[in-house]
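Working notes for the structure below.
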Amino acid sequence: MSHTRAILPMPAASRAPVGTALALGSEGDPEDRAEVQPLADDPESLASRVGAPLPASERLVLSVAEAGELLGLSRAFAYELVARGELPVVRFGRRIVVPKAALLELLESASSSTA
């Protein structure tokens, strides 16, 4: 036996206008409504609250393409270096990332061996 529920429209008197919130325990009286404050006027702080990705300069890892770009390499060659084991990577499931610290160590060791 299936049960169905009727969805009835909310009476106009109990609807709060956009930008207002009902106080807990209120009966829908207009006096009980309070204005909702925005999270922030600063778009950068708002973006950081909703999980926007950090800029590459602040992240601990780079994509293989980003690492290749920083090294002056094509995306394809960067992935070839990953396949050869010449570019240090960390795998998270199917995602492959290059830790910045390992990339810097690689560059330092390469520059010290040629100097």
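Quick note: the coordinates plus some simple rules give every number you see, no bench work behind them. Not measured: the values here are computed from a predicted model. Here the Cβ positions follow ideal geometry from the backbone for every residue, glycine too, while neighbour counts run over all protein chains shown.
Descriptive notes on the structure:
- Among the residues making up the stretch 57-101, those that are β-branched (Val, Ile, Thr) and part of a helix (DSSP H, G or I) are Val64, Val82.
- Whichever residue in the stretch 89-101 is without any contact (Cβ under 8 Å) to a residue 40 or more places away in the chain and either of a type in the set (A, V, I, L, M) or within 13 Å of Gly68 (Cβ to Cβ) (or both) and, among such residues, is surrounded by the fewest Cβ atoms within 10 Å (Cβ to Cβ): Val90
- Residue in the stretch 102-115 that is surrounded by fewer than 10 Cβ atoms within 10 Å (Cβ to Cβ) and outside any helix (DSSP H, G or I) present: yes
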